[in-house]
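Have a look at the structure below before the remarks.
The values are calculated or read from the model by the stated rules, or taken from the named source; none is laboratory data. Note that the structure is a prediction, hence the values are computed from the model and not measured. Cβ: placed from backbone, ideal geometry, glycine included. Neighbour counts: every protein chain shown.
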Amino acid sequence: MTKWAKIFRKCNNYYKMPQTNRNIWDIHYTRPRASQLYPDENVVRILKKEFSMKNSCLRALDLGAGSGRHLPLLSEHFAHTHACDFSANSLKHYAGEYPSALQAALPELPYADASFDFILCWGVLHYLPKASIPSAAMEIRRCLKPGGQVFLTLRSDNDTHLQHQLAAGDLKDGHARLFSKAEALALFDTFAQTRYGYITRQPVSEEYLVAHHMLLCQK
Ligand SMILES: C[S@@+](CC[C@H](N)C(=O)[O-])C[C@H]1O[C@@H](n2cnc3c(N)ncnc32)[C@H](O)[C@@H]1O
């Protein structure tokens, strides 16, 4: 069976996948600049702090893996690293290199309850339709083992960069939503513990601000 047949055979929610933004991400992953080689430094730091010893049982999921920039890092910390994304081109050009990669769309995930010790959901949730985001948060919780953690970002309402991207940039005609800190925290209030951080940067020569809430939530 070819690699592609394996990816699509495993994907049991392909035909009912939400379409919001999917075409836009598929186009994005045909551009050479979509390739990102290096992990976000916040992910590097959290994994070093929380999962410093590689353990032969631990399982991680890169949810919305994109160009797969976090997969080598996750594999350094976890014995089993899985990847999924709803973009066929993310899988075709990048994350599909990982044998366990599959196409899946939040707010539904094709994994059993309590499958993972760690889920990374970096830069993904704010692209979902507003009504789906609480279900996505519950779905992430369902897929975590008791005591498992999700590390995620949600775009902050202080961000001025994303609207520009949606109006005229790489994500033209896409949908996204910005969150206040209180809204971001409320989405994950069913978790036993949530730790909060904030990232902001102004790219050189740009007037726009990139701002994300960063949450580390334990089931
Ligand atoms: C900004 S990129 C982030 C990629 C990667 N996490 C990273 O940090 O480089 C957002 C990713 O989320 C994926 N995505 C958006 N909505 C999704 C959904 N409903 N289900 C699964 N993946 C989704 C997109 O295809 C894209 O790869």
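If you check 115, 90, which single one turns out to be within 15 Å of the ligand (Cβ to nearest atom), among the hydroxyl-bearing types (Ser, Thr, Tyr) and in contact (Cβ under 8 Å) with a residue 12 or more places away in the chain? If you could, list the steps in order and put the result at the bottom.
On the way: 115 fails: within 15 Å of the ligand (Cβ to nearest atom).
Testing whether each residue is within 15 Å of the ligand (Cβ to nearest atom), among the hydroxyl-bearing types (Ser, Thr, Tyr) and in contact (Cβ under 8 Å) with a residue 12 or more places away in the chain leaves just 90.
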Could you list, in sequence order, the residues of region 135-156 that are assigned to a strand (DSSP E or B) and aliphatic (A, V, I, L, M)?
144, 150, 152, 154
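For region 79-87, does any single residue satisfy the condition of being among the acidic types (Asp, Glu), in contact with a strand residue (DSSP E or B) (Cβ under 9 Å, 6 or more places away or on another chain) and modelled with pLDDT of 95 or more?
Yes; the residues of region 79-87 include at least one that is among the acidic types (Asp, Glu), in contact with a strand residue (DSSP E or B) (Cβ under 9 Å, 6 or more places away or on another chain) and modelled with pLDDT of 95 or more.
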For the list (1) at pLDDT 95 or above; (2) closer than 22 Å to residue 42 by Cα, I need the number of the one condition that residue 203 fails.
(1)
Looking only at residues that are away from the ligand (no atom under 16 Å from the Cβ) and in contact (Cβ under 8 Å) with a residue 40 or more places away in the chain in region 58-76, which one is farthest from residue 140 (Cα to Cα)?
58
Looking at (1) touching a residue at least 24 places away in the same chain (Cβ under 8 Å); (2) more than 8 Å from the ligand (Cβ to nearest atom); (3) among the polar types (S, T, N, Q); (4) not in a strand (DSSP E or B), which is the one condition that is false for residue 132?
(2)
Taking region 173-219 and keeping residues within 23 Å of residue 116 (Cβ to Cβ), in a strand (DSSP E or B) and among the polar types (S, T, N, Q) leaves 193, 194, 218
Long-range neighbours under 6 Å by Cβ, at least six apart or interchain, first residue closer than 11 Å to residue 20 by Cβ within region 165-180, second in a loop (DSSP other than H, G, I, E, B) and β-branched (Val, Ile, Thr):
175/20
Of those in region 35-56 that are in contact (Cβ under 8 Å) with a residue 60 or more places away in the chain and surrounded by fewer than 19 Cβ atoms within 10 Å (Cβ to Cβ), the residue nearest to residue 197 (Cα to Cα) is 42
